[in-house]
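Here's the structure we're looking at; comments come further down.
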Amino acid sequence: MSRSDPPPTLAALRRDIDLLNAEILALLQRRAGAVMEVSRVKREQGLEGHDPGREEEMLHALLAEASGPFGPDEIKEVFQAIFRASLDLQERLVTPEPSEVTHGEQA
């Protein structure tokens, strides 16, 4: 932005945030797809679903790369939430919903 350019408006800044939110959402959904595939491979290989060591490795690498307005505490909090949601997704894939169990027992 040059000195003669007007400052961005609140509406324009919010549009930028909306676009970034859409990109983050798309990336989260892609990540969830990868998590589902990892879960499938682990089941086929008889491996444990949760790997706390892998989480720590990923978190350590992310924190080492973190630079910008969000500090290590915020980055850690965000990615721990993503890891929890991913673990929940993996568990849902291997544990049938109660309605599925009940439906199967009634048949």
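A few remarks follow.
- Looking across E74, E56, E91, one residue alone is at pLDDT below 95 and part of a helix (DSSP H, G or I). It is E91.
- Scanning region 25-80 for residues that are closer than 21 Å to V94 by Cβ and of a type in the set (G, A, S) gives A32, G33, A34, S39, G46, G49, G53.
- Of residues in region 33-53 being touching a helix residue (DSSP H, G or I) at 6+ places or on another chain (Cβ under 6 Å) and not in a loop (DSSP other than H, G, I, E, B), the one surrounded by the most Cβ atoms within 10 Å (Cβ to Cβ): S39
- Pairs linking a residue in region 18-45 that is within 17 Å of I82 (Cα to Cα) and touching a residue at least 12 places away in the same chain (Cβ under 8 Å) to a residue that is among the small types (G, A, S) and assigned to a helix (DSSP H, G or I), with Cβ atoms under 6 Å and 6 or more positions apart or on different chains, are V35/S86.
- For region 59-77, the set of residues classified as under 21 Å from L25 (Cβ atoms) and either exposed (fewer than 13 other Cβ atoms within 10 Å of the Cβ) or of a type in the set (F, W, Y) (or both) consists of G68, P69, F70, E74, E77, listed by residue number.
The values are calculated or read from the model by the stated rules, or taken from the named source; none is laboratory data. All figures in this text were calculated on a predicted structure; none of them were measured in a lab. So basically every Cβ, Gly included, is an ideal-geometry build from the backbone, and we count neighbours across all protein chains shown.
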